[in-house]
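Q: Take this structure first; my questions come after.
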Amino acid sequence: MEKEQLNQQQRPLFDALRKHKKLEKHSFHVPGHKNGLNWLDEMSEFKQLLAYDQTEVSGLDYLHEPTGVIEASQTLLSDFYKSKKSYYLVNGSTVGNLAMIMASVKRDDLILMTRDAHQSVIHGVELAGATPLFLGQVSEAEGTIKEGIEPAALKAVFKQYSGIKALVMTYPTYYGEIYPLKELIELAKANNCLVLVDEAHGAHFTLGLPFPVSALELGADAVVHSAHKMLPALTQASYLH
Ligand SMILES: Cc1ncc(COP(=O)(O)O)c(C=O)c1O
C-alpha cells in the first residue's frame with residue numbers, strides 16, 4: 001500500500017517548544033540554566049536560545065520512547081527519507097554506528113568491514129564482540145589511502161567465508177568518492193548478509209541529482225546520517241534509518 005504523503009512543512013517539535021516557552025513562567029526542572037534566567041544580560045543573543053534547550057517535561061515527549069511531538073517529527077523524517085523507521089540521535093553518528101552494529105551482529109558473528117571505517121564502527125564491532133573481516137580496498141595511485149570496494153573482491157570473500165552476518169561500508173568515502181554500492185548491496189543480500197551503511201557524509205544524497213543515489217534508496221538495511229555534517233543542523237544532530 002502507498003504511504004500517505006505527509007506535509008513536510010510541519011514542525012511539531014519546534015511548535016511544542018515554542019508553546020512551552022510561552023506557557024512556562026518558571027522552570028523547576030533540568031537543565032540548570034532555567035531558560036536563561038540566571039544568565040547575564042550581556043549574553044543576550046545566546047540567552048534567547050536557552051528556552052529551547054529542554055528536557056522531557058509534559059508536552060515535549062521523550063526521545064527514548066516517543067509517543068508525541070518527537071514521534072510526529074521522526075515520522076516526518078522517515079517519510080522524507082522513505083525509510084521504514086527513522087530515529088533522531090544525540091551524540092552524533094557515533095551512537096548510530098554503535099546501535100546499527102549492535103542490533104545486527106552478536107558475539108563471534110562475522111562482520112565485513114573496510115579499512116577506512118570510522119572508529120565508532122570499530123568500537124561497535126568491539127562492543128558487539130563480533131569478529132571483523134577487513135576487506136582489501138581499491139587504491140587509485142600508490143601512496144594514496146585505499147578506499148571503496150570492488151564487487152569482485154566482495155564476491156571472492158563470500159566464496160571463501162560462509163555465514164557472514166553483516167557488511168559495513170563508509171559511503172561516500174572520506175574523499176567524497178562513491179563506488180558501485182547497488183551491486184555490492186545486491187551481492188550481500190544474495191548471501192543473506194545485512195548491509196549497514198555509514199553514510200555520515202551523504203545525508204543530502206536523498207535530494208537526487210546531481211548527488212549520488214542514497215544507500216537507503218538502494219536497499220541498505222540500516223543507514224546512519226550526520227545531519228550536523230551535511231545539513232543545516234546543530235552540532236551532533238544525526239539520524240539512524
Ligand atoms: C564517516 C564517519 N562516520 C561516523 C562519524 C562519527 O560522527 P559523529 O561525529 O557525528 O559522531 C564520522 C565523524 O567524523 C565520520 O566521518
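Q: If you average 1/r across every pair of different Cα atoms in the stretch 1-90 and take the reciprocal, what Kirkwood value do you get, in Å?
A: Evaluated on the stretch 1-90, it is 14.8 Å.
Q: Compute the angle between helix 92-102 and the longest alpha-carbon principal axis of the chain, please, reported from 0 to 90 degrees and rounded to the nearest 10.
A: 50
Q: Quick one: 3J(HN,Hα) in Hz for the stretch 153-168, Karplus 6.51/-1.76/1.60 with θ = phi - 60°, rounded, Gly and Pro as x.
A: Coupling constants for the stretch 153-168: 5, 5, 4, 5, 5, 5, 6, 7, 10, 10, x, 5, 7, 8, 10, 10 Hz.
Q: If one takes the longest principal axis of the Cα atoms in the chain, at what angle in degrees, from 0 to 90 and to the nearest 10, does the Cα axis of helix 119-128 lie?
A: 80
Q: A further question on this structure: Once the Cα atoms of helix 69-81 and of the chain are each reduced to a long axis, what angle between those two axes, in degrees from 0 to 90 to the nearest 10, is obtained?
A: Relative to the chain, helix 69-81 is tipped by roughly 40 degrees.
Q: How many angstrom separate the Cα center of the stretch 1-77 from the Cα center of the stretch 163-214?
A: When both Cα centres are located, 33 Å separates them.
Q: A further question on this structure: Mind jotting down the three principal axis lengths of the stretch 31-140 based on Cα atoms? Whole angstrom, largest first.
A: Over the stretch 31-140, Cα extents along the principal axes are 56, 33, 30 Å.
Q: Next question, about the same structure. Per residue of the stretch 192-200, in order, report the coupling 6.51 cos²θ - 1.76 cosθ + 1.60 (Karplus, θ = phi - 60°) as ³J(HN,Hα) in whole Hz, putting x for Gly and Pro.
A: 6, 10, 5, 10, 10, 10, 8, 9, 3
Q: Provide, for q = 0.11, 0.14, 0.16 Å⁻¹, the log10 of I(q)/I(0) from a solvent-free Debye sum over equal Cα point scatterers in the chain.
A: Debye intensities relative to I(0), on a log10 scale: -0.66, -0.95, -1.14.
Q: Just the Cα atoms of the stretch 85-207, one point each, no solvent: what log10 I(q)/I(0) does Debye give at q = 0.09, 0.11 Å⁻¹?
A: Cα-only, vacuum Debye calculation for the stretch 85-207: -0.23, -0.35.
Q: While we're on this one: Could you calculate the contour length gain from LYS21 to LEU234, that is, 0.36 nm times the residue separation minus the distance between their Cα atoms, to one decimal place in nm?
A: Numbers: separation 213, 0.36 × 213 = 76.68 nm, distance 1.97 nm.
Contour length minus Cα-Cα distance gives 74.7 nm.
Q: With θ set to phi - 60°, apply the Karplus curve 6.51 cos²θ - 1.76 cosθ + 1.60 along the stretch 108-113 and write out the HN-Hα couplings as whole Hz, x wherever there is a Gly or Pro.
A: Result, rounded to whole Hz: 6, 5, 8, 10, 8, 8.
Q: Amide H of LEU133: which non-local residues (sequence gap of 5 or more, or other chain) have their own amide H closer than 5 Å, using H built in the peptide plane?
A: ILE111, LEU112, MET113
Q: Shifting gears a bit: With a cut-off of 8 Å between alpha carbons and a minimum separation of six or more residues, what is the relative contact order of the stretch 147-241 in percent?
A: 24
Every number in this text was worked out from the coordinates using simple rules, so none of it is lab data. What you see is a predicted model; the values in this text were computed from it and never measured.
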